[in-house]
Amino acid sequence: SAVSQLESMSSTFQLAPHTYAVPMEMHKESRQKLVERLSKVSNIQKNGLVFLEGGKSVYHHDTDRELLFRQESCFQYLFGVSEPDCYAAMHVGTGRTVLFFPRLPAEYAVWMGHIPTPEELLQRYGVDEVRFVDEMKEWLAAQNPPVLYVNYGLNSDSGSHFKLPHFDGIEGFTTDKDVLHPELMECRVIKSKKELELMKYVNGISAEAHKAVM
């Protein structure tokens, strides 16, 4: 079942106590910036959805050991989600955001500890709604979006293309892979005040580490 956010919640992300508390408001501002840019695109479908797939969990060769996970950069920029195998949908006209998380089996907690509830994930990431991935196709169909705007384009530094999102049934939806990428890349070029504060903190830690080994 869905969990809806009635009010904006102030939440942060920290790797450990006494480390920098990254405000989820920073990612919300990034989403708002994208909505504003998309609103100025000619022929944009304001009832459409921005649809993104996060990074996938990867195993070490043929073992059951997962490699250290790093979130897909655009997914991180817009949502700040640290878990793998997630999806997100954002309404083009309003910015209303839904995150989809994998439904983990109860035995997962034996090895990995507490499994966050949808309520906890909602509070953690400060979005409008949280659902499970196995509910996603039905949810998307109920929205009846005229188009899903997906992120696809060339990374000019690496020469690699962004991976198109995929799930069983996506072929039943109209997708557009031309509009989103250039607008999203332009959003990421100019940093917000909160992003600059985070970068200053990270660079400060890096500088102290360099001094410590010199």
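The values are calculated or read from the model by the stated rules, or taken from the named source; none is laboratory data. Every value quoted in this text rests on a predicted model; they were computed, and no experiment measured them. FYI the Cβ positions are ideal-geometry reconstructions off the backbone, even for glycines, and counts take in every protein chain you see. These area figures cover heavy atoms from the full protein model, side chains too; ligands, DNA and RNA do not enter into them. Shrake-Rupley method; radii C 1.70, N 1.55, O 1.52, S 1.80 Å.
Below are the figures for this structure:
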item	result
Complete set of residues in the range 146-168 that are at pLDDT 95 or above and among the small types (Gly, Ala, Ser)	none
Unique match (being surrounded by fewer than 17 Cβ atoms within 10 Å (Cβ to Cβ) and either of a type in the set (Phe, Trp, Tyr) or in contact (Cβ under 8 Å) with a residue 12 or more places away in the chain (or both)) among Ser39, Ser30	Ser39
Output for the range 117-166, where each listed residue is open to solvent by less than 30 Å² (accessible area, probe 1.4 Å), farther than 25 Å from His181 by Cα and more than 15 Å from the chain's Cα centre (by Cα)	Pro118
Positions within the range 53-72 being without any contact (Cβ under 8 Å) to a residue 40 or more places away in the chain and not in a loop (DSSP other than H, G, I, E, B), in sequence order	Tyr59, Glu66
Residue in the range 152-159 that is farther than 17 Å from Gly54 by Cα and in a helix (DSSP H, G or I) present	no
In the range 42-71, the residues that are surrounded by 21 or more Cβ atoms within 10 Å (Cβ to Cβ) and more than 17 Å from Leu148 (Cβ to Cβ)	none
Close pairs from the range 186-214: first of a type in the set (S, T, N, Q), partner assigned to a helix (DSSP H, G or I), Cβ under 9 Å, at least 6 apart	Ser192/Met26; Ser192/Glu29; Ser192/Ser30; Ser192/Lys33
In the range 83-115, the residues that are surrounded by 14 or more Cβ atoms within 10 Å (Cβ to Cβ), in contact (Cβ under 8 Å) with a residue 24 or more places away in the chain and over 19 Å from Asp128 (Cβ atoms)	Pro84, Asp85, Pro102
Residue tally, condition over 22 Å from Leu198 (Cα atoms) and not aromatic (Phe, Trp, Tyr), over the range 7-53	19
